[in-house]
Amino acid sequence: MILAVAVLAALRIFLPRGNSDGAAGDDDFSRYHNETFTCVKVIDGDTIDIGIADNKSQKHTSYTRVRLWGIDTPELPHHGQAAMYYGYEAAEFARTLMQGKRVKLELVAGETRDYYGRLLAYVYLADGWMYSREAIRSGFAYADRRYRHSRQDEFCQLEAEARANLVGLWAGVQPDQLPKWYRQAALKSFWTDRQAKPGSGSIRSSQPIDSSAVLHRSY
């Protein structure tokens with residue numbers, strides 16, 4: 001019996017981890033971590049579906065729903081609620097960069113699912129850039145302060161830079177349009193400073209999103 005277990009353990013070293021839509025492994029970390037999948041659908045700016053069945057869900061039988069670590073984006077219409085300010089723009093940004101494309105997932109050991117059972121992951125685009133960084137930097141996402149994670153300080157700094165430059169949603173969002181969890185006091189003098197800048201406070205995106213401008217930054 002001991003010999004058989006040892007043989008199986010040795011064989012497992014050589015088994016494929018699955019770097020495609022047919023990834024192997026029963027637990028989340030071995031099944032998804034550092035693996036590449038096709039993004040089959042963008043739900044909104046911070047949630048996507050990837051083309052592999054979720055073996056831990058009875059609902060998502062042909063795909064796995066992924067909630068992106070570290071960001072929160074304005075909501076699209078749901079449960080009778082209207083879309084939040086910049087919700088459509090944030091979703092379109094995500095679709096432009098991810099839908100129908102290959103993405104790589106990075107999981108955090110021991111924290112692979114959220115309250116709703118969705119997979120939690122940092123998502124990397126085909127060229128190696130992390131989507132969450134790009135979404136915050138370009139003003140399509142907030143740095144989520146509700147749940148501590150290893151890149152939280154970095155994401156908060158990226159958000160501060162986007163606010164200072166009035167990028168994306170920061171050019172026009174009003175205090176009552178912030179997510180409920182976002183403390184307005186955290187912005188301190190932002191509203192006053194923005195009002196003092198010419199032409200600020202009422203800008204919305206009306207042009208097609210130029211993903212090439214995002215993906216060819218040098219930083």
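Structure data summary
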{"item": "Enumeration of residues in region 148-174 that are over 24 Å from GLY110 (Cβ atoms) and surrounded by fewer than 16 Cβ atoms within 10 Å (Cβ to Cβ)", "result": "GLN157, ALA160, GLU161, ALA164, ASN165, GLN174"}
{"item": "Scope region 140-161; condition among the hydrophobic types (A, V, I, L, M, F, W, C) and in contact with an Asp or Glu (Cβ under 9 Å, 6 or more places away or on another chain); matching residues", "result": "PHE140, ALA141, ALA143, PHE155"}
{"item": "Wholly within region 90-203, helices (runs of 4 or more DSSP H) carrying at least 1 residues that are without any contact (Cβ under 8 Å) to a residue 12 or more places away in the chain and either closer than 15 Å to THR73 by Cβ or polar (S, T, N, Q) (or both)", "result": "152-164, 190-195"}
{"item": "In region 58-72, the residues that are at pLDDT 95 or above and over 14 Å from LEU105 (Cβ atoms)", "result": "ILE71, ASP72"}
{"item": "Unmet requirement for TYR115, which otherwise passes all of (1) hydroxyl-bearing (Ser, Thr, Tyr); (2) surrounded by fewer than 17 Cβ atoms within 10 Å (Cβ to Cβ); (3) in contact with a Pro (Cβ under 6 Å, 6 or more places away or on another chain)", "result": "(3)"}
{"item": "Filter result (in a strand (DSSP E or B) and aromatic (Phe, Trp, Tyr)) within region 26-70", "result": "PHE37"}
{"item": "Failed item in (1) over 18 Å from TRP129 (Cβ atoms); (2) modelled with pLDDT of 95 or more; (3) of a type outside the set (D, E, K, R), with ASN55 passing the rest", "result": "(2)"}
{"item": "One residue from ARG137, ARG133, ARG145 being surrounded by 14 or more Cβ atoms within 10 Å (Cβ to Cβ) and at pLDDT below 95", "result": "ARG145"}
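The values are calculated or read from the model by the stated rules, or taken from the named source; none is laboratory data. Note that the structure is a prediction, hence the values are computed from the model and not measured. Methodologically, a virtual Cβ is constructed for each residue, glycine included, from the backbone with ideal geometry; neighbour enumeration extends over all protein chains shown.
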